[in-house]
Amino acid sequence: MKKTGKEKELKQEEEQEQVLEEIQETVPENSETAELENQLEKKDEELKELKDQFQRLAAEFDNYKKRTVKEKERLYASSVADVAAAFIPVVDNIDLALKACESGEQGIRDGVQLIKRQIEDVLTNLKVKPIETIGEEFNPEFHEAVMHVEDDSYGDNEIIEEFRKGYIYRDEIVIRHSVVKVAN
């Protein structure tokens, strides 16, 4: 049996309607599409917020690490300064013993000089050094003036005598100020 053109046409229309119904069933309606788009936008915003929070947290952690390193360095510097401060009076006493031994036996003097050199080496290894004084300009950050003289043979604020050595750690932290006499 032969199908006529009209029957073919009807058959095609039915097939098209069926395909259209299948597509409509699989594709959500406009309101459902809008709802899904809204949900997708919300998820994108949440993701953006979480990413921002993560970046801030990472930056805070990096700052924390840097702060911790600086605090450790300051604590170490403070500890070294405390240890050096404990050694300095010993060095002073050794200097006094050396002065007292000038007229005495050479063996005692040599022994005391050896001890002094060893202590100075320890301080040097700790990056502690004496503060320069004689001939330098007076600086209240490093020096403590206990005497002042007027003498035209020296420059203004020139240190002419040291009564007690001062010490500094890493050229930053004054452990003890130098006690000095200043001219003009």
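Each value in this text was obtained by applying a stated rule to the coordinates, not by laboratory testing. These numbers come from a predicted model, not from an experiment. When we count neighbours, we look across all protein chains shown, and the Cβ atoms used for this are built from the backbone with ideal geometry, even at glycine.
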Unsatisfied cross-links (Cα-Cα over 31 Å) in the set K70/K116; K43/K66; K42/K66; K116/K181; K48/K70: K70/K116; K43/K66; K42/K66; K48/K70
With springs connecting C-alpha atoms under 10 Å apart, model the chain as a Gaussian network and identify which of E102, E32, E60 has the largest mean-square fluctuation. E32
How far apart, in nm, are the 7 Å Cα→Cβ label points at E41 and E150? 8.7 nm
Given points 7 Å out from each Cα along the Cα-Cβ axis, report the K8 to A100 separation in nanometres with one decimal. 13.2 nm
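Treat the count of other C-beta atoms within 10 Å as a stand-in for reagent exposure and order S178, S153 from fewest to most.
On the way: S178 25, S153 8.
Lowest count first: S153, S178.
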Only Cα pairs within less than 10 Å get springs; with that Gaussian network setup on the chain, which residue of L75, L98, L36 has the largest fluctuation? L36
Name the residue, out of E136, E49, E15, whose mean-square fluctuation peaks in a Gaussian network model built on the chain with Cα pairs under 10 Å. E15
Projected onto the charge dipole of the chain (unit charges on the beta-carbon of Lys, Arg, Asp and Glu, signs +1, +1, -1, -1), the Cα from G155, L96, L57 with the largest positive-side position is that of L96
Where does helix 30-100 land angle-wise versus the long Cα axis of the chain, in degrees 0 to 90, nearest 10? 10 degrees
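Specify whether the C-alpha gyration tensor of segment 55-184 places it in the rounded, prolate or oblate class, a ≥ b ≥ c being the square roots of the eigenvalues: rounded for a/c under 1.5, otherwise prolate if a/b is larger than b/c and oblate if not.
On the way: a/c = 4.18, a/b = 1.53, b/c = 2.73.
Because a/c hits 1.5 or more and a/b fails to exceed b/c, segment 55-184 counts as oblate.
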Measuring from label point to label point, each 7 Å out along Cα→Cβ, what is the K129 to V19 span in nm? 9.1 nm
Using alpha-carbon coordinates, inclination of helix 5-26 to the longest axis of the chain, degrees: 30 degrees
